[in-house]
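S.K.: Sharing a structure here in structure tokens format.
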Amino acid sequence: MIDRRSWLAGAAAGVAGIALPAQAAHRRRRIPPSDRVNVAAIGAGGMGAANIEQLTSQNIVAIADPDLSHVAKSFVDGSGAPIARRAALKAAYDKADKYADYRRMFDARRDIDAVVIATPDQHHAVAAKMAMERGLHVYVQKPLTYTVREARLLDELSRANPRLVTQMGNQGHSGDDGRRVVELVRGGAIGAVREVQVWTNRPIWPQGVARPAAWPTPAGFEWDVWLGPSMVGWGYNPLYAHFNWRGWQPFGCGALGDMGAHLLDFPIWALEPGLPTRVETRHSAWGENQRTADAAEGDQRGSYPLATITTFTFGNAKGGPLTLTWHDGGLMPPTPPGLPPEAVMKPEGGVLFIGAQGMLMHETYGEKPVLIGDGTDQRAAAIPQSLPRIRDGRQGHEMNWIRAIRGEEAISSPFAVGAPLTETMLLGIVAMRAGQPIDYDGATGRITNLPDANRYLDRTYRKGWEL
């Protein structure tokens, strides 16, 4: 059994058992089903606009983003929303108070009930902890955090304060197909599973490229706020904002951070293997190495490798060790013996469970599961539904959070789910940075074979943005 109250030595030693200040608990109001929730958005120009699109039935009271002109375009143009919803998005934007810096928003607005956080990864934990300390419910886009230590901290904070409703933005966790995948695997449709193959076509943004020169910052873009807790002193470049930040180490977590919360979710959910005990990442070349003479910046490289293969070994999994292999950058696992020609491993992404009595393959977000092998369909037909279904499935993930806040529905993907999943994903990044396989003790949150690599489990924060 993994002790989720065990912490990284040193930096996290004083955090375990953290509780909210009394005034924060006092401010948190009970919201009956008849009321609307007062929602604020932090990071609202990209995925944040898509999240708010699903929440326009609520009171969108405030928006915080360092580039409000980008946000305005997303809300007015609808960020891909159907025409019928664009008017609601524009109305939400027009009505909401607007801030460049979410720290100022928290100081100014005391009527916020809940916060959607859809910033670049380096802000996730800092913004979420600030919100939770104020007694606010939080919805955080994936990956939940930028570091392993941050994932453990948010997990502990949420467990210590169970009245706060938390949700990670891995929408597939609410989908009917994905929930059926979990039922089928747990129910024995393909027998015991000791191997899982996972793949994605990400990155679909630049990686493995040199750091570009700084450009003049566009008017109205608060670049210093955008950098937030990141220690690098990089100047603005459109290769970072507003989408490509995922590929740059100081700001994002690459393809694994982007898609791991969707693709690793179902194997970890279905098989409950605990945390990995060994992780190894093989990869193409990093982008230009950005080690600097400034020790405060630490080992901040440029862009992530274009393609990686990460092998996660779960030595404490039920029934024996489990091996899960991740492929990105267009790399694909080999076709397993017995896979029929009509069972196409689509390059866009998917998961293949390899069991003792058959295989199960599904697309990204757990969709379109296919059983492979004699007798699998018959065994599947006898496996009953055991997991609750979320209203509106994947499309209802944001409103599931609202309904849970109002006590109408159980939450789908709380931090108790999202934090260990994120910890697993990020250990792949740690192994990449270490350049060697790492042996990990989940009970203590320590790398045991390479003591120096433990520094990659944490980071240093810029003054004013400390965790």
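S.K.: Considering only residues that are surrounded by fewer than 17 Cβ atoms within 10 Å (Cβ to Cβ), touching a strand residue (DSSP E or B) at 6+ places or on another chain (Cβ under 8 Å) and in contact (Cβ under 8 Å) with a residue 12 or more places away in the chain, look in the range 442-460 and name the one that is nearest to GLY233 (Cα to Cα).
M.R.: LEU450
S.K.: Name every residue in the range 114-136 that is open to solvent by 10 Å² or more (accessible area, probe 1.4 Å) and more than 13 Å from the chain's Cα centre (by Cα), in order of residue number.
M.R.: Passing the criteria: LYS129, MET130, GLU133, ARG134, LEU136.
S.K.: Which of the residues spanning the range 308-332 are assigned to a loop (DSSP other than H, G, I, E, B) and either more than 21 Å from GLN207 (Cα to Cα) or open to solvent by 20 Å² or more (accessible area, probe 1.4 Å) (or both)?
M.R.: GLY315, ASN316, ALA317, LYS318, GLY319, GLY320, PRO321, GLY329, GLY330, LEU331, MET332
The values are calculated or read from the model by the stated rules, or taken from the named source; none is laboratory data. The shown structure was predicted, so the numbers you read here are calculated from the model rather than taken from an experiment. Note that each Cβ is placed from the backbone with ideal geometry, even for glycine, and that neighbours are counted across all protein chains shown. The protein model used for the area step is the full one, side chains on, heavy atoms only, and it has no ligands, DNA or RNA in it. Shrake-Rupley method; radii C 1.70, N 1.55, O 1.52, S 1.80 Å.
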